[in-house]
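Readers should treat all values here as calculations from the given coordinates under stated rules, not as data from a laboratory. As the structure is a prediction and not an experimental result, all values here were calculated from the model. A quick note on method: Cβ atoms are made from the backbone with ideal geometry, for glycine too, and the neighbour counts reach across all protein chains shown.
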2 protein chains.
Amino acid sequence: MADARVVFLPSGRRGQVAPGTSVLAAARALGVDLDSVCGGRGICGRCQIAPPAADMTRTPGSALSPPTTAEARYAERRGLGPDRRLGCQACVQGDVVIDVPPGSQVHRQVVRKEAAARPMEMDPATRLCLVDVAEPDMHDPSGDFERLAKALEDHWQINYLQADLEVLREIQSTLRQGQWRVTAAIHQGHRDPTPRLTALWPGFHDRLYGLAIDLGSTTIAAHLTDLADGSVCAAAGAMNPQIRFGEDLMSRVSHAMMTPGGAAQMTAVVQAALADLARDVARQADVDPRAIVEVVVVCNPVMHHLLLGLDPTELGQAPFALAICGAIEGAAREIGLRDLAPGARAYVLPCIAGHVGADAAAVALAEAPDRSDDLVLVVDVGTNAELLLGNALRVLACSSPTGPAFEGAQITAGQRAAPGAIERVRIDPATGTPRVRVIGCDLWSDDPGFPADTPVTGICGSGIIEAVAEMRMAGLVDASGLIGSAAQTGCVRCVPEGRTHAYVLHDSPRIVVTQADIRAIQLAKSALHAGARLLMDAFGVDRVDRVVLAGAFGAHVSPLHALVLGMIPDTLPERVTSAGNAAGTGARMVLCSRSARAQVEALVRRIHKIETALVPRFQEHFVAANALPHATDPFAALRGIVPLPEVRFHRDSGRRRRDPRDRAATE
Amino acid sequence: MADARVVFLPSGRRGQVAPGTSVLAAARALGVDLDSVCGGRGICGRCQIAPPAADMTRTPGSALSPPTTAEARYAERRGLGPDRRLGCQACVQGDVVIDVPPGSQVHRQVVRKEAAARPMEMDPATRLCLVDVAEPDMHDPSGDFERLAKALEDHWQINYLQADLEVLREIQSTLRQGQWRVTAAIHQGHRDPTPRLTALWPGFHDRLYGLAIDLGSTTIAAHLTDLADGSVCAAAGAMNPQIRFGEDLMSRVSHAMMTPGGAAQMTAVVQAALADLARDVARQADVDPRAIVEVVVVCNPVMHHLLLGLDPTELGQAPFALAICGAIEGAAREIGLRDLAPGARAYVLPCIAGHVGADAAAVALAEAPDRSDDLVLVVDVGTNAELLLGNALRVLACSSPTGPAFEGAQITAGQRAAPGAIERVRIDPATGTPRVRVIGCDLWSDDPGFPADTPVTGICGSGIIEAVAEMRMAGLVDASGLIGSAAQTGCVRCVPEGRTHAYVLHDSPRIVVTQADIRAIQLAKSALHAGARLLMDAFGVDRVDRVVLAGAFGAHVSPLHALVLGMIPDTLPERVTSAGNAAGTGARMVLCSRSARAQVEALVRRIHKIETALVPRFQEHFVAANALPHATDPFAALRGIVPLPEVRFHRDSGRRRRDPRDRAATE
């Protein structure tokens, strides 16, 4: 009988196979990406294919063999669409075109829900393989591990298998429990492709999970991810318990320097917190933690060193030398995660520099400035801001010490983003009357249904940014950042406070924005803007094509208000977008894809780092950026759509009134 | 100026180099094995060469440049022979023949002191490299590890360096302590050649050590070995603390089966004992334990599993399946050795089968039956005997359950080999009068100067073997193993004891050899002999060319007496040699040489295992071997040199006197 011609879609791969060849075998022979865990036993259902429409009738003489009992069993147990066959059961009988649906491809793109996001590539480092292992034989003595390795070699072409002792310790009982049929989790890294046995289940097992961890100085977020399709099964967050050793990074570095064993203390508590979070998300999703085979961590350099047990002292002083900047792959138990699969692997993204960490690397991967045709500025604001500027030609990075003002800290009525916090502000330019929106209520304070008893407790980061920007747009604050008096502004809400003025944003309880608050915001935004300017100088440009705001900050700050403050370089508001949790997205991309790991490592090597402390112009840019929006840049694009009143106030104090033209240079 | 022709001896490698090229650089360029730790700084002295005799005058115009100040400094500090130059300092100026002495070769043979032993090949997995590392630079941020890796790449062609977290944790402080000059220990395995940083010292460091551990059921021996030349710097032994959970292997397996956590308990105590021993030998040799970079362990399969934390239960029952039989390489800290170099590596030799362990593999490596032209039987006797039979064509192995009689256990006056134990026995065939030698005294008991107060406390293993063999040769015991009466033997020392007789070996204190003792020795030696016969059957031979006795047993048992007992197949006594501590030798070979690792792994794969329990003829061989020396084999070679009186005794009991011809078949 003549060979049958087979064409696989969407790959287009084609070839001839002997009639009677299973579709799975044909796919493997032709190098078609068709998934399988059970290796052709009709158990896993990963190899589902869509037969050609003409074949749907499944009449005798069709190009595929009729459904088997294994398929009937699978359909009964787990369901099988009417237009689906199991590739391991359906055999080629004649010329046929076979469609491999996305769900049956190991390497595939998964479109993320987030709006602006690129599709996620599935290329996980770990896969599952069901095997029947030879029983021990006294005539031909060999170890359980060697017989397992032999089965994986024979049926899955997995050669030179390695395993950690932790995994070896479970092989004997699992093989016997599964009566010599087991499912093996095989890890193959992107750099060292040696296959590594990381977990073993008795019988058939088909779920694999990964854990993406975003380890921040203040909070830790964990996303439990299904490694079959990259979907998030559960998410959990926790405070970073290192906070009790120091609120910010530098006080933690000090703790490590000053307290013998201080660094080890912080390493222990953060590793324990990670372990707790892993248990939490697994419980939430009702997943056995031992099915978690991969962990990815993104974090800033100090968190990086403290997590890995490396001394962070050098990060507290010039030249801010990292102990290691490259990506780290190792056993998850080495970072304290002991309840996962016995051989679970952990991957920590590379750091870009002593101030620009693995979190920035993850943002870079997710936002891919290196693949952008236009020039994009990516801004990730936390206590430090990390900035990336680039396009397909080159990418620059720096960090800038913004301080915590953007998070509501150091602000008179500041508070964390929690119910009761003012998060949005609008001020009527004619009257100076404010209206606000408070976390926990979807209505504006002047909406008819706004509940009078809505608790209002303070202002969060996005609230103070909008408040100051709205005050500037309403003419209550001048370009230098001074709040005018009631007489100067015609607004009774501008009230004296000491030798300066404050703006009454809310009456009951009374919440004010003081002159000191505005100064704090000016310092923070000057640092951010100056960092961006340094990168633009290094790139040789004075405009960027678009701005991406990453992180929680980006998700909550309105582009218009950020521009009015001059936090970012002048552009049109529609050219400023939010990337959501880009660091978390980058972590999940790396979790699901070996090629993403290779990509982020190559990207980090390509990124050119600018150390702000070393560039003399930083100070100059910082001073010029102090004005709202800027002392020297007219912000023409912004002014084209928003009027910024040209008011000039002066202090009522006894101090010499300075020429406003000097202010930018000296203040 | 024309290139100079250079010939290196003893390799004979030759080539042309530009005048002014250092001898070290020329050697590297021509692929000559010339050692160096300092990389050409004149510090380490490893690259010493012998210039040609004509060049000894070091006159101007000679083929090598004149001595440098670095050489003068080195000679003053550490001494430099008059016929030696430092290869990194001496530059080629003209055609020259250069001799590389053995001590300057990384890969070299070291002749061991032990008589029969083969030379030891030096090919250590770890080497030292001195490097100057770039200091951190804010303009070009990179990690300390990356800069170290770069230096190793630039100066030593070491690419893709890896390091465990434990090693990374020390990099920062060591680099700064050494002011950016450090010596790195680089490990490259024989299977995975990825270079791995395992230790780092500030400045110049030139000593590396390895630890060879022979982990027995009863005792543990550790040899601290200098990895420069394979010499033993210190040795220490300890009791295996697992003894408190069971005297022999099977009772330890029982403990693991019956006691929850029992296996983990035994793993913990033996790992702790190894750590103590490591500290002991280091202290003895005044070596920093952190200079120990390699560990090699040999042990039987049960010890192997318990050391690695693998459940030994399966080894207690058919089919005696090992969890893993291949060699294991990993971090030394994984087997509890935490005080050594932070990245110290451990290598555990492969097991041959469930009853034939890594210790037998080490014996096989050291005695190399696979390289023997004649057919050699290698016997390693402990509580179990492991036997290897082979030649260059093939090698067979089995184990045989001899029990502990050969170690003096289960013997009426038996004791461990310790001062006071009778270790040698001679009986005058004419009179039946014994003389003995006792551990702790070099004289025989009938020598003139033998101190009357020499303590005599019992009989050790070699003593009971000689005693029974001498009794057989003196006609006090017949071929069936029966002790004759005084009347039958004409020897008053044969005294009645119950319904049998005993022989008075020593008068004060009275030490006797009983009929039960002889039965115990017969059982043990039958098992040993039957094992050897099975291998000979499988090989298709009924004679072996030579026998090697390994282990402490081999060192103390006289070949003649072993033959008289029929412990081993008939041959001439001069064809029976002792291999000393062959397992320990194998361990040290593997410690010092990667090629020995590859060799032992290949050898173990080649060895064909015979499971004694599965061969029906074992029982038959066992019964025939019960006689002294043997019921069916005439032991013609032995009888050609030693008369074995053809006495026949019968029991004085009321039991039917059996026809002696039946005895061998039924007893």
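Data for the structure
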| quantity | calculated |
| --- | --- |
| Residue-wise HN-Hα coupling along the range A:4-20, computed from phi with Karplus coefficients 6.51, -1.76, 1.60 (Hz; x: Gly, Pro) | 9, 8, 10, 10, 9, 10, x, 5, x, 5, 9, x, 10, 9, 5, x, x |
| Inter-part distance where the range B:137-155 and the range A:327-392 are each reduced to a Cα centre, Å | 20 Å |
| Prolate/oblate/rounded call for the range B:465-516, Cα gyration tensor, a/c under 1.5 rounded | rounded |
| Loop sites in the range A:113-198: chymotrypsin sites (Phe, Trp or Tyr not before Pro), DSSP, at most 15 other Cβ within 10 Å | A:Tyr160 |
| Amide H partners (placed H, <5 Å) of B:Ile511, local residues excluded | B:Leu505, B:His506 |
| Using a 7 Å Cα-to-Cβ projection, B:Asp446 label spacings across copies, nm, ascending | 12.7 |
| In degrees, nearest ten, helix B:262-284 long axis to first principal axis of chain B (Cα) | 60 degrees |
| Antiparallel DSSP beta bridges within chain B, percent to nearest 5 | 70 percent |
| Long-range amide H partners of A:Leu64 with built H, under 5 Å | A:Gln93 |
| HN-Hα J in Hz across the range A:93-107 - Karplus 6.51, -1.76, 1.60, θ = phi - 60°, x for Gly and Pro | 10, x, 4, 7, 10, 10, 9, 9, x, x, x, 9, 9, 5, 8 |
| Pairwise label distance in nanometres, A:Asp374 with B:Gln284, each label 7 Å out on the Cα-Cβ vector | 7.6 nm |
| Other copies of B:Leu393: label-to-label distances in nm, shortest first, labels 7 Å along the beta-carbon direction | 7.7 |
| For A:307-317, mean number of other protein chain Cβ atoms within 10 Å | 3 |
| Principal-axis tilt of helix B:515-539 within chain B, Cα atoms, nearest 10 degrees | 60 degrees |
| Other protein chain Cβ atoms within 10 Å, averaged over every residue that makes up A:142-155 | 3 |
| Helix B:165-177 vs. chain B, principal-axis angle (Cα, 0 to 90°, nearest 10) | 50 degrees |
| Within the protein assembly as shown, percent of DSSP bridges classed antiparallel, to nearest 5 | 70 percent |
| Cross-link reach list, aspartates and glutamates versus A:Lys150, counting only Cα pairs under 18 Å and skipping chain neighbours closer than eight places | A:Asp132, A:Glu135, A:Asp137, A:Asp140, A:Asp164, A:Glu170, B:Glu601 |
| Helix-only CD estimate at 222 nm, as mean residue ellipticity for chain B, using -39500 (n - 2.57) per DSSP H run (n ≥ 4) | -8500 deg cm²/dmol |
| Proximal aspartates and glutamates relative to B:Lys525, as straight alpha-carbon distance under 17 Å, when same-chain residues fewer than 8 apart are discounted | B:Asp380, B:Glu386, B:Glu407, B:Glu466, B:Glu470, B:Asp478, B:Asp517, B:Asp570, B:Glu620, B:Asp633, B:Glu667 |
| Trypsin sites (Lys or Arg not before Pro) lying in DSSP loop within the range B:456-510, provided at most 14 other Cβ fall within 10 Å | B:Arg499, B:Arg510 |
| Placed amide H near B:Leu396: partners under 5 Å, 5+ positions off or other chain | B:Leu389, B:Gly390, B:His608 |
| Compactness relative to 2.2 N^0.38 Å, alpha carbon Rg of chain B | 1.15 |
| Within the range B:209-348, percent of DSSP bridges classed antiparallel, to nearest 5 | 60 percent |
| Rotationally averaged projected area of the range A:125-202 (alpha carbon convex hull; nm²) | 4.8 nm² |
| Peptide-level mean, for B:125-138, of C-beta atoms on other protein chains within 10 Å | 2 |
